[in-house]
Amino acid sequence: MKKIILFGKNGQVGKELQHTIKNMGMLISYGRSSANFENLSALKKIIKEEKPDIIINAAAYTAVDRAEDEQKKAKLINTDAVALLAEETKKLNGLLIHYSTDYVFDGKKNLEYRELDATNPQNIYGQTKRDGENAIQSINCKHLIFRTSWVYSNYGHNFIKTIVKVAKIKTELKIINDQTSTPTSAEFIADVTAHCLNDLLLMNNELMSQKSGIYHLSPNGKTNWYEYAKFIISELSFLGVHFKTPTENIFPITSAELKTAATRPLYSKLNTDKISSTFNLDMMDWHVPLRKVLSSLAEQNQ
Ligand SMILES: NC(=O)c1ccc[n+]([C@@H]2O[C@H](COP(=O)([O-])OP(=O)(O)OC[C@H]3O[C@@H](n4cnc5c(N)ncnc54)[C@H](OP(=O)(O)O)[C@@H]3O)[C@@H](O)[C@H]2O)c1
């Protein structure tokens, strides 16, 4: 039986992974309190003692705006700790599964981004995530790096939770309509991760190494934050949740009108042909996993 270490067990993706991979091996899960990525020597000690076959890293510094002021901390967690995971995985001849972001791109392509497109992050978070990817690839342990976008779930902080909260208090909302990508549910990410891991576990070392690389992971389709917010409010209203903001009082604004500390890419839709063909996956439309999360949120908000 393979020994699997999961880091970041309390995050959106980490929480879902705990369910989906629990029967795929002997799973040991760590949160920030038991494995803090700011303490590299303690992190190394855990891996040296446990000697896992597989490390899944769902931990990350994800506060995109705050990262502009906390560059050192973001780098330590998203780059330096990730490099350490890759080095230790290589020594153990293990497999590292890691997550990255559409924010590694500058968003100027205006076409779906493919895995080999040049990265050019526009903010500190994106830079530290891109540097984490580069560290894994240059150390070259067996790895899967899943780049994903606009993650949401029933847990934690995300756009849906924020919209629900403010639409209950305010009578109108102004939401950005010039940033385009794909909302991706943490459950969907965990399911696809389990599917790919299952495939790799059936392969020998050589084949596993051949499959190493970056894969884009998101459902089909795309939207912008404004359309996404309108969909969330109209769907939840239909399911019986009461808001002060009716959908007709949600108004579009541009990124330039909403000042944020970090610049975000305007177009970061990820092309998923590579993951689909390599792992024989049919991606579903982004509304499908979203409706599932919204119906469970509706129950909690009755
Ligand atoms: N969220 C998005 O929209 C998005 C978009 C694209 C890609 N991604 C990527 O997807 C992956 C999963 O994201 P997510 O949305 O699940 O993130 P999340 O909900 O913010 O979870 C991140 C986890 O990392 C943990 N963490 C933060 N600092 C840590 C530290 N110093 N030591 C150990 N753990 C620490 C957090 O611990 P606490 O629970 O203690 O805070 C949290 O559980 C990340 O690699 C992220 O970069 C996310």
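The values are calculated or read from the model by the stated rules, or taken from the named source; none is laboratory data. If you're wondering where the values come from, they're calculated on a predicted model, not measured in any experiment. As a convention, Cβ positions derive from the backbone with ideal geometry for all residues, glycine included, and neighbour counts pool all protein chains shown. Protein only, heavy atoms only, side chains kept; ligands, DNA and RNA dropped before computing areas. Shrake-Rupley method; radii C 1.70, N 1.55, O 1.52, S 1.80 Å.
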**Message:** Restricting to the stretch 250-302, give me the number of residues that are among the hydrophobic types (A, V, I, L, M, F, W, C) and in contact with a Pro (Cβ under 8 Å, 6 or more places away or on another chain).
**Reply:** 5
**Item:** First in the stretch 153-167 and near the ligand (Cβ under 7 Å from one of its atoms), second anywhere and hydroxyl-bearing (Ser, Thr, Tyr), Cβ under 6 Å, 6 or more apart
**Value:** ASN158/TYR152
**Request:** Among the residues of the stretch 16-42, write down those that are near the ligand (Cβ under 8 Å from one of its atoms) and either within 21 Å of LEU95 (Cβ to Cβ) or crowded, with 20+ Cβ neighbours inside 10 Å (or both).
**Result:** TYR30, ALA35, PHE37
**Fill in**
How many residues of the stretch 108-153 are farther than 20 Å from ALA86 by Cα, surrounded by fewer than 21 Cβ atoms within 10 Å (Cβ to Cβ) and touching a Ser or Thr at 6+ places or on another chain (Cβ under 8 Å)? The answer is 2
**Those residues of the stretch 120-152 which are acidic (Asp, Glu) and either within 13 Å of LYS75 (Cβ to Cβ) or away from the ligand (no atom under 12 Å from the Cβ) (or both), in sequence order** = ASP131
**Asked** Taking the stretch 89-100, which residues are open to solvent by 10 Å² or more (accessible area, probe 1.4 Å) and near the ligand (Cβ under 10 Å from one of its atoms)?
**Response** TYR99
**Message:** Just checking, does the stretch 62-73 include any residue being in contact with a helix residue (DSSP H, G or I) (Cβ under 6 Å, 6 or more places away or on another chain) and away from the ligand (no atom under 11 Å from the Cβ)?
**Reply:** yes
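Conditions tested, residue by residue: (1) part of a loop (DSSP other than H, G, I, E, B); (2) polar (S, T, N, Q); (3) out of contact with any strand residue (DSSP E or B) (no Cβ under 9 Å at 6 or more places or on another chain).
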residue: LEU207; (1), (2), (3): no, no, yes
residue: SER218; (1), (2), (3): yes, yes, no
residue: GLU235; (1), (2), (3): no, no, yes
residue: LYS244; (1), (2), (3): yes, no, yes
residue: LYS259; (1), (2), (3): yes, no, yes
**Request:** Only residues that are surrounded by fewer than 21 Cβ atoms within 10 Å (Cβ to Cβ) and not hydrophobic (A, V, I, L, M, F, W, C): list them for the stretch 43-56, please.
**Result:** LYS44, LYS45, LYS48, GLU49, GLU50, LYS51, ASP53
**Prompt:** Applying the selection to the stretch 261-302, what residues are polar (S, T, N, Q), open to solvent by less than 70 Å² (accessible area, probe 1.4 Å) and at pLDDT below 95?
**Reply:** SER296, ASN301
**Message:** Only one of TYR215, TYR226 is in contact (Cβ under 8 Å) with a residue 40 or more places away in the chain, within 21 Å of the chain's Cα centre (by Cα) and open to solvent by 30 Å² or more (accessible area, probe 1.4 Å). Can you tell me which?
**Reply:** TYR226
**the stretch 43-61: number of residues that are touching a residue at least 24 places away in the same chain (Cβ under 8 Å) and away from the ligand (no atom under 14 Å from the Cβ)** = 6
**Complete:** Picked from the stretch 1-12 (must be open to solvent by 20 Å² or more (accessible area, probe 1.4 Å) and either of a type in the set (Val, Ile, Thr) or within 21 Å of ASN154 (Cβ to Cβ) (or both)), the residue nearest to the chain's Cα centre (by Cα) is GLN12
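If a residue has to be more than 6 Å from the ligand (Cβ to nearest atom) and either polar (S, T, N, Q) or in a strand (DSSP E or B) (or both) to count, how many in the stretch 5-15 make the cut?
Qualifying residue count, the stretch 5-15: 3.
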